[in-house]
Amino acid sequence: MTTDPARLAAQVVSGIGFLGAGAIIRDKGGVTGITTASTIWIAGMIGLACGNGYYVGAIATTAVALITLTVLKLVEKAVAHHVISFEIVSDTDHPLLKEIVEICDQYNLLLSNIEAHVIEYGKVHAIKLTANFPKDSDREKVKKCLSQVDEELKPYYLKIK
């Protein structure tokens, strides 16, 4: 009985493609999971190389992948401007968004990517609101603004992300 290594490789490629596609998530106009998907591909190819006896190539590829992923993570941290976001849960008795926007206006802060949902919070209905401040927002102003939101609106909880 003869074996065909190409058939094994074809099955690995189709399986890895399926896993990689599952790792990529498209949400709210953005795409995440590309690095994870490519890392899955690299791991699969390293496995194929080892299985075929190409140990030097597998070791070299592993080293290059680790160095690349480490360096890119450092570059991402150095370059990225992180968005300041928050999540607030409050009762449904008052217009939460309107009041938050009024307080943010006092600090000349804008909100983006606003989402609001009615949720069950314990045994009551509540509003869960999430929003972002622009990347270039003054962090001190944001903290003061959210502190005022917390004091005036007395939400069930307020979390800065």
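Specify which labelled value, from (i) -0.68, -1.29; (ii) -0.55, -1.32; (iii) -0.46, -1.40, agrees with log10 I(q)/I(0) by the Debye sum over Cα atoms at q = 0.11, 0.21 Å⁻¹ derived from the coordinates of the model shown.
Matching the structure shown: (i).
So what's the angle, to the nearest 10 degrees on a 0 to 90 scale, between helix 55-79 and the longest Cα principal axis of the chain?
20
Please report Phe133, Phe18 as a ranked list, fewest other C-beta atoms within 10 angstrom at the top and most at the bottom. Spell out each step's value before the answer.
Numbers: Phe133 24, Phe18 11.
The fewest-first ordering by Cβ neighbours comes to Phe18, Phe133.
Note down the Stokes-Einstein diffusion coefficient of the stretch 5-79 in µm²/s, whole number, using a Kirkwood radius over alpha carbon pairs, 10 °C, and 1.306 mPa s.
Rounded, D is 116 µm²/s.
Near Lys154, which lysines are there with a Cα under 17 Å away, not counting those fewer than 8 places off in the same chain?
Result set, ordered by chain and number: Lys98, Lys128, Lys143, Lys144.
Based only on Cα atoms, what Rg/Rh ratio does the stretch 84-160 have, Rh being taken as Kirkwood's radius?
Rounded to two decimals, Rg over Rh is 0.95.
For the stretch 80-151, run through the trypsin sites (Lys or Arg not before Pro) and keep only the ones in DSSP coil with at most 13 other Cβ atoms within 10 Å of their Cβ.
Lys123, Lys135
Which of Leu96, Leu111 has the fewest other C-beta atoms within 10 Å, and how do the rest follow up to the most?
Ordered from fewest to most neighbouring Cβ atoms within 10 Å, Leu96, Leu111 come out as Leu111, Leu96.
Using a Gaussian network model of the chain whose springs link C-alpha atoms within less than 10 Å, name the residue from Gly20, Gly122, Gly53 with the highest mean-square fluctuation.
Largest GNM mean-square fluctuation: Gly122.
Add -39500 (n - 2.57) for each DSSP H run of 4 or more in the chain, then divide by its residues: what number comes out at 222 nm, to the nearest 500 deg cm²/dmol?
It lands at -18500 deg cm²/dmol.
Bear in mind these aren't lab numbers, they're just calculated from the coordinates by the rules spelled out. Note that this is a predicted model, so its numbers are computed, not measured. Here the Cβ is made from the backbone with ideal geometry for all residues, glycine too, and neighbour counts use every protein chain on show.
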